[in-house]
Structures are given as C-alpha cells and as structure tokens.
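Participant: Mind looking over this structure? Questions follow.
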Amino acid sequence: KNLFFSGLTAMEKKLAEYKCNTNEAIQLKLVRFPEDLEDENTTFNPEYSHQVFGDDEVAFGYKGLKILLYYIAGNLSTLFRIEYTSKVNEKFDCVEADDVESKIREIIPPGFCTNTDDFVSLLEKEVNFKPFGMLLHTYSIHNEEAGEDIAYQIYKADMTCPGFREYHERLQTFLMWFIETASFIDVDDERWNYFLVFEKYNKDGATLFATVGYMTVYNYYVYPDKTRPRVSQMLILPPFQGEGHGAQLLETVHRYYMSSPTVLDITAEDPSENYVKLRDFVLVKLCQDLLCFSPVKLMQGFSQEMVTEAQQKLKINKQHTRRVYEILRLRATNMGDAEQSRSYRLDVKRRLIGPYKKKQRELAKMRRCLRPEEMTNQLNQIDLNLQREQLEESFQQLVSDYRRVLERLAQA
C-alpha cells in the first residue's frame with residue numbers, strides 16, 4: 001500500500017513538470033523587419049489566457065512549451081507555431097497532452113503560416129498594405145528612443161472596405177489575451193463602427209503602416225430618430241500602451257459623433273477602471289472650455305445647463321457630465337479653505353449617498369411586509385456608522401482619482 005502511494009507521488013512529481021503557464025508560453029510579436037523574429041525585445045505576453053486555457057491558465061503535457069503567434073505589424077498576417085523540449089507520451093506515461101493547437105485554432109482565423117520562410121516572404125509584400133476606410137485624425141508623439149516625432153493616423157472603417165473583414169478577424173484575436181471578458185462581435189450587424197489607429201514608419205525609403213489599436217462602437221437606435229453609440233471594445237496593443245493613443249482615439253471618436261445631428265450621446269458597455277480614467281481625462285479636456293463650466297458656475301453647483309450643453313455640443317451623457325463637473329469643481333476649489341472644501345465634500349457625498357438612500361427606501365418597504373425577526377437580519381447589513389465610513393472611503397478614492405486626471409490635464 002505504501003509503495004503504491006510513494007509511487008504515485010513520484011508520478012505526480014513527474015507530471016507536475018509537464019505543466020506550463022500559458023501566459024508565459026504564448027509569445028506574441030508585431031513584426032516589421034526580419035530581424036524582429038530573433039529579437040527578444042519585440043516579444044510580449046498575454047495578460048489573460050483563461051478564455052482559451054481555463055481558469056488556472058495552464059497547458060498540460062509539455063516541457064518548455066512555446067506557443068508562437070507572430071503578426072506582421074500592419075495587415076496582421078499570422079505565423080503560428082508550437083515548440084517544446086518534450087511531451088508526455090500516452091504509451092509510456094498513460095496520460096494525454098492537451099491539444100494546444102486546436103485550442104488556438106479556435107480563436108485565430110485560418111490562413112496562417114506555419115513556417116518562418118513563408119512568413120518572411122509575406123513580410124516583403126507588406127509595403128502594399130494601406131489602412132482601411134476614411135482618415136479622421138493625424139497626430140504625432142515624440143519618441144525618446146528614436147529621437148524624433150512619430151506620426152499616427154486614426155481611420156474609421158466598415159465591412160465594405162475590401163479586405164477589412166479578414167483583417168478584423170486577425171485583429172480581434174488580441175482581445176482574448178488583453179481583455180478579461182472579451183468576446184467576438186457579430187460583424188454582419190451593420191450598426192458596428194470600427195475606429196483604427198496606425199503608426200507610419202519607414203522601411204527602405206518607403207512609408208509603411210503598423211497597427212496600434214482599435215475601438216468598436218455599436219449604434220443603438222433611440223426612438224424616434226436618434227442613435228446612441230456605445231463603446232464596446234477598446235484595445236491599444238501592449239507595445240504602444242502608455243503613450244497616449246487611447247486618449248487620442250477616444251477624443252477622435254467623440255469628435256466624429258459630435259458632428260452628427262442624429263447622435264444623442266455616447267455611452268460604454270461595462271467599462272474597466274482604466275477606461276473610466278481615460279474617459280474622465282478626455283471628457284474633462286473637451287469640456288473645460290465650455291462656458292457652463294466656468295469657475296463661477298462650478299461653485300454654484302451642478303446644473304441642467306451643464307447637462308444640456310455637454311450633451312448637445314459634445315455628446316456626453318448626464319452621468320458622465322456629473323463626473324466632469326466634480327473634477328473641474330475640484331480644480332476650482334481651494335481644498336485648504338475649510339468652507340470651500342466642506343462645500344465640495346457635501347456636494348459629492350450627496351451624489352454618492354444616492355444608492356444608500358435607495359437601499360433604505362427598499363428596506364422601509366420590506367419592513368411593512370416582513371415579520372420582525374426576518375427584518376433584524378436585513379437591518380444588520382446597513383449600519384449607519386459603516387455607511388459613513390464607506391461614504392468617506394468612496395469620497396477619498398474619488399478625489400485621488402480626480403487629482404490624477406487633473407495632473408494629466410496639466411501636462412497635456
């Protein structure tokens with residue numbers, strides 16, 4: 001009996017060596033030059049792989065597993081290869097290795113290369129790749145490393161652009177690795193808009209384009225004759241993150257819809273914390289020069305005028321306008337002045353207490369129809385002191401978020 005167990009642990013130990021973390025195993029690249037293939041500095045890894053490999057993000061059955069997914073920088077033609085130093089064998093180890101290849105094939109479109117030579121010969125044709133759709137905005141960012149300004153362009157595309165459908169299929173695979181709850185969209189629905197960011201770069205005297213990131217927006221119909229665009233997905237690819245492209249993209253999208261009389265306002269689907277920070281910055285930047293946000297008016301409190309002007313001129317909805325007001329009012333408030341800071345704190349907390357008040361109204365309703373012993377349990381959940389603490393905590397957190405937005409604004 002003991003022999004059996006010690007045998008098992010040896011076996012377990014052996015099998016444990018055949019587990020690989022898929023976030024490390026997957027190696028992504030955006031390739032511009034043949035030498036990028038060998039350059040480790042151009043490799044990046046997923047933040048997530050649970051949608052493909054399960055919650056523990058592990059592939060079983062391999063040692064030294066490498067899942068190579070290399071993309072040509074512009075049109076995203078793909079090289080997909082799997083390498084490993086050893087693999088469990090069904091005959092000897094009595095276990096089967098995970099079918100890594102079919103899992104990856106489920107999310108990447110067919111038509112990829114499996115060997116480097118084919119990939120490099122596609123790379124030579126990349127000079128023919130041009131961005132899809134209509135140019136909306138051009139901007140440049142100074143690059144310290146290169147010691148020069150690099151030019152970027154934002155385009156609006158749709159499925160009628162030749163080749164765009166196939167390109168989008170390759171592009172959206174990145175969502176799986178960088179957005180925690182990513183899903184692919186129904187591209188046959190014509191109400192989707194696609195906004196793409198490209199970098200212009202030089203190669204042997206020619207100008208080429210590299211994919212930087214993109215956003216998808218769905219146009220909801222609002223009765224009787226309006227639409228409400230809703231941002232669905234937004235991704236700036238990791239090599240380009242932290243350079244300000246997200247803000248350029250979101251501002252460009254707002255400006256695009258601002259010119260449309262049928263658009264009510266712009267919303268977002270289930271926004272992440274990072275997206276909310278980005279949106280705060282962009283919306284405050286757009287709003288700060290509106291007359292309704294002058295320091296005098298900010299000190300008089302949140303008004304219907306702000307809601308109307310932000311919606312009509314900038315397509316910003318009421319909820320987001322309220323945040324913009326709070327951020328701009330913070331900037332106009334001397335927090336060292338007891339009276340001003342008290343007034344600001346009360347104003348923000350009055351908004352924050354809304355959900356609590358709603359909860360208390362619901363409790364009052366329950367009180368009327370529940371027996372006393374059932375009530376005590378419900379009441380315990382909302383202790384007033386706890387409520388005050390939570391409120392203060394929420395307030396402090398907001399103010400620190402708002403300060404970061406204002407710092408970024410001061411540098412912009």
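Participant: Based on what the data block shows, is residue 364 at pLDDT 95 or above, of a type outside the set (D, E, K, R) and open to solvent by 30 Å² or more (accessible area, probe 1.4 Å)?
Facilitator: no
Participant: Could you tell me whether segment 270-281 includes any residue that is open to solvent by 70 Å² or more (accessible area, probe 1.4 Å) and within 30 Å of residue 225 (Cα to Cα)?
Facilitator: Looking through segment 270-281, at least one residue is open to solvent by 70 Å² or more (accessible area, probe 1.4 Å) and within 30 Å of residue 225 (Cα to Cα).
Participant: Ok, one more. Scan segment 38-74 residue by residue and report those that are crowded, with 16+ Cβ neighbours inside 10 Å, in contact with a Leu (Cβ under 8 Å, 6 or more places away or on another chain) and assigned to a loop (DSSP other than H, G, I, E, B).
Facilitator: 46, 73, 74
Participant: With the structure loaded, tell me whether residue 21 is more than 20 Å from residue 213 (Cα to Cα), surrounded by fewer than 18 Cβ atoms within 10 Å (Cβ to Cβ), outside the structural domain of residue 173 (by the TED database) and not small (Gly, Ala, Ser) or whether it fails that test.
Facilitator: Against the criterion (more than 20 Å from residue 213 (Cα to Cα), surrounded by fewer than 18 Cβ atoms within 10 Å (Cβ to Cβ), outside the structural domain of residue 173 (by the TED database) and not small (Gly, Ala, Ser)), residue 21 qualifies.
Residues are listed down the side, and each one gets a yes or a no for (1) β-branched (Val, Ile, Thr); (2) under 21 Å from residue 174 (Cα atoms); (3) open to solvent by 10 Å² or more (accessible area, probe 1.4 Å); (4) not in a helix (DSSP H, G or I):
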position	(1), (2), (3), (4)
30	no, yes, yes, yes
36	no, yes, yes, no
76	no, yes, no, yes
98	no, no, yes, yes
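Participant: Here is a further query. Anything in segment 151-161 that is in contact (Cβ under 8 Å) with a residue 24 or more places away in the chain and open to solvent by 20 Å² or more (accessible area, probe 1.4 Å)? List them, or say none.
Facilitator: Answer for segment 151-161, where residues must be in contact (Cβ under 8 Å) with a residue 24 or more places away in the chain and open to solvent by 20 Å² or more (accessible area, probe 1.4 Å): 151, 155, 156, 158, 159, 161.
Participant: Considering each residue of segment 112-133, count those that are in contact (Cβ under 8 Å) with a residue 40 or more places away in the chain and touching a helix residue (DSSP H, G or I) at 6+ places or on another chain (Cβ under 6 Å), and give that number.
Facilitator: Adding up the residues that qualify gives 2.
Participant: Condition first: out of contact with any Gly (no Cβ under 7 Å at 6 or more places or on another chain) and open to solvent by less than 60 Å² (accessible area, probe 1.4 Å). Now tell me which residues in segment 197-210 satisfy that.
Facilitator: Once the filter is applied, which keeps residues that are out of contact with any Gly (no Cβ under 7 Å at 6 or more places or on another chain) and open to solvent by less than 60 Å² (accessible area, probe 1.4 Å), segment 197-210 yields 198, 199, 201, 203, 206.
Participant: Does residue 115 satisfy the criteria of being of a type in the set (S, T, N, Q) and either more than 20 Å from residue 212 (Cα to Cα) or touching a strand residue (DSSP E or B) at 6+ places or on another chain (Cβ under 8 Å) (or both)?
Facilitator: So residue 115 fits the description; yes.
Participant: List pairs: first residue in segment 395-412 and touching a residue at least 40 places away in the same chain (Cβ under 8 Å), second residue hydrophobic (A, V, I, L, M, F, W, C) and open to solvent by 20 Å² or more (accessible area, probe 1.4 Å) anywhere in the structure, Cβ distance under 9 angstrom, at least six positions apart or on different chains.
Facilitator: As it stands, the answer is 395/352; 398/352; 399/335; 401/276, since those pairs meet every condition given.
Participant: Condition (residue is part of a strand (DSSP E or B) and loosely packed, with under 11 Cβ neighbours inside 10 Å) applied to segment 167-186: is it met by at least one residue?
Facilitator: No, that holds for no residue.
Participant: Quickly run through segment 298-321 and pick out the residues that are closer than 16 Å to residue 255 by Cβ and loosely packed, with under 14 Cβ neighbours inside 10 Å.
Facilitator: Passing the criteria: 312, 313.
Participant: When segment 110-147 is examined, which residues are found to be open to solvent by less than 80 Å² (accessible area, probe 1.4 Å) and of a type in the set (D, E, K, R)?
Facilitator: Once the filter is applied, which keeps residues that are open to solvent by less than 80 Å² (accessible area, probe 1.4 Å) and of a type in the set (D, E, K, R), segment 110-147 yields 118, 126.
The values are calculated or read from the model by the stated rules, or taken from the named source; none is laboratory data. Since we're looking at a predicted model, the values are computed, not measured. Cβ sites come from the backbone with ideal geometry, for glycine too, and all protein chains shown count toward neighbours. Areas reflect the complete protein model, heavy atoms only, side chains present, ligands, DNA and RNA absent. Shrake-Rupley method; radii C 1.70, N 1.55, O 1.52, S 1.80 Å.
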